[in-house]
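Structure record follows, encoded as C-alpha cells.
The values are calculated or read from the model by the stated rules, or taken from the named source; none is laboratory data. Source: prediction; values computed, not measured. Neighbour counts run over all protein chains shown; Cβ positions are idealised from the backbone, glycine included.
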Amino acid sequence: MPPIPIYSVADGRYHDRLTIRRSEQEWRELLPSEVFFVARRKGTEPAFTGKYHACKNPGVYVCACCDTDLFLSDDKFDSGTGWPSFTRPVSEKNIRIEEDSSYGMIRDEVLCAVCDAHLGHRFDDGPPPTGMRYCMNSAALRLRSKTDGFIT
C-alpha cells in the first residue's frame with residue numbers, strides 16, 4: 001500500500017505514513033485488554049466510565065494503537081452522553097468513516113486512517129461551527145500534551 005498523508009499537530013503539516021496492518025494476535029499482545037476490545041473488536045466502554053469523558057486537560061488526543069493525531073482538546077465539548085465528544089478531527093485525512101449497521105442502527109463509524117482502529121461514531125447533532133459530534137471511546141485514545149508527552 002502506498003503511504004498516506006497524515007496531519008501532525010506538532011509540525012503543523014502533513015507527513016506520509018505507511019498504514020499499519022497486524023494480525024489479531026499481534027494486536028492482542030501489544031495492547032491492554034480494554035484497548036484491544038474497543039479498538040480492534042469494535043467494542044464500546046460504558047458511558048461515563050472512560051478516563052477522558054470529563055477530562056479538561058489541554059493537548060492532542062491520539063490513537064491508542066498507533067499514536068496518530070486525531071482530535072484537539074480545543075475541539076472537545078460536553079455532549080452529556082458520557083463519552084468524549086469533539087466537533088472535528090485535526091484533519092479529515094487522519095480518520096476514515098465507514099457505515100456501521102450493527103445493533104439495528106445505521107451510523108458513521110470513525111476509524112484511524114493509519115491502523116483502522118475503531119474509535120467511535122460520528123453524529124450530525126453537534127454544536128457549531130461544524131454541527132458534528134465525534135463521539136469517541138476513551139480506551140481508543142491517549143492524551144498527549146502539546147509539549148510534554150503523554151498525560152496519564
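Being touching a strand residue (DSSP E or B) at 6+ places or on another chain (Cβ under 6 Å) and in contact (Cβ under 8 Å) with a residue 60 or more places away in the chain is the filter here, so list the residues in the range 93-111 that pass it.
Answer for the range 93-111, where residues must be touching a strand residue (DSSP E or B) at 6+ places or on another chain (Cβ under 6 Å) and in contact (Cβ under 8 Å) with a residue 60 or more places away in the chain: Lys93, Asn94, Glu109.
Suppose we keep only residues that are in a loop (DSSP other than H, G, I, E, B) and closer than 21 Å to Pro46 by Cβ within the range 105-124. Which one would you say is nearest to the chain's Cα centre (by Cα)?
The residue in question is Ala117.
Do we have Phe71 as buried (at least 16 other Cβ atoms within 10 Å of the Cβ), farther than 25 Å from Thr130 by Cα and modelled with pLDDT of 95 or more here?
Judged against the criteria, Phe71 is not a match.
Given the residues Val90, Val62, Val38, which is the only one that is part of a loop (DSSP other than H, G, I, E, B) and in contact with a strand residue (DSSP E or B) (Cβ under 7 Å, 6 or more places away or on another chain)?
Within the list Val90, Val62, Val38, the selection yields Val90.
May I ask you to list the residues in the range 21-54 that are of a type in the set (A, V, I, L, M) and surrounded by fewer than 16 Cβ atoms within 10 Å (Cβ to Cβ)?
Selection gives Leu30, Ala47, Ala54.
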